[in-house]
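Chemist: My questions all concern the structure below.
The values are calculated or read from the model by the stated rules, or taken from the named source; none is laboratory data. The structure presented is a predicted model; accordingly, all values stated were derived computationally and were not measured. Using ideal geometry, Cβ is built from the backbone for each residue, glycine included, and neighbour counts are taken over all protein chains shown.
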Amino acid sequence: MTTSPYLLPEPTENNDAHDLRGSGAAQRALDFYLKEKMSAPAPDEAMFAIKPGISQEEALVYASDLLRSAAATAYESASSHQGNHRDLAFSVVYLIDMAKAMLERSLQATEAQANV
């Protein structure tokens with residue numbers, strides 16, 4: 001038996017994996033792919049928080065404003081594309097408009113209940 005005259009390279013230290021070890025995003029990704037439904041996001045890690053005590057009507061108005069902004073963004077995106085990409089962007093505008101119509105209907109129902 002002969003040994004190879006070439007030395008194997010020393011493994012390089014990759015600190016990227018060690019740096020990600022404490023990352024919440026890395027933990028959620030691993031849990032998603034390896035342990036179904038094992039880790040839940042911590043409540044203090046929310047991207048945004050809804051003001052406690054917000055009324056249903058205020059929440060619906062705010063959601064309607066968010067949908068209006070999303071529709072404007074999708075419409076601008078559609079305007080700058082051609083073909084299938086344009087069709088897809090306009091379909092998003094259509095879906096947003098349907099959701100906005102449902103929200104406005106909910107607002108009308110809330111107002112009608114308040115007036116009774």
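Chemist: Looking only at the stretch 44-87, which residues are of a type in the set (Phe, Trp, Tyr), under 30 Å from residue 25 (Cα atoms) and surrounded by 11 or more Cβ atoms within 10 Å (Cβ to Cβ)?
Modeler: Residue satisfying the conditions is 62 alone.
Chemist: Name the one entry in 70, 25 that is at pLDDT below 90 and in a helix (DSSP H, G or I).
Modeler: The match here is 25.
Let's see how each residue does on (1) assigned to a helix (DSSP H, G or I); (2) under 20 Å from residue 65 (Cα atoms); (3) not polar (S, T, N, Q):
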residue: 76; (1), (2), (3): yes, yes, yes
residue: 85; (1), (2), (3): yes, no, yes
residue: 90; (1), (2), (3): yes, yes, yes
residue: 93; (1), (2), (3): yes, yes, yes
residue: 96; (1), (2), (3): yes, yes, yes
residue: 101; (1), (2), (3): yes, yes, yes
residue: 109; (1), (2), (3): yes, yes, yes
residue: 113; (1), (2), (3): yes, no, no
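Chemist: Still on this structure, I have one more. Would the stretch 43-62 turn up any residue that is in contact with a Gly (Cβ under 7 Å, 6 or more places away or on another chain) and at pLDDT below 80?
Modeler: Taking every residue of the stretch 43-62 in turn, at least one turns out to be in contact with a Gly (Cβ under 7 Å, 6 or more places away or on another chain) and at pLDDT below 80.
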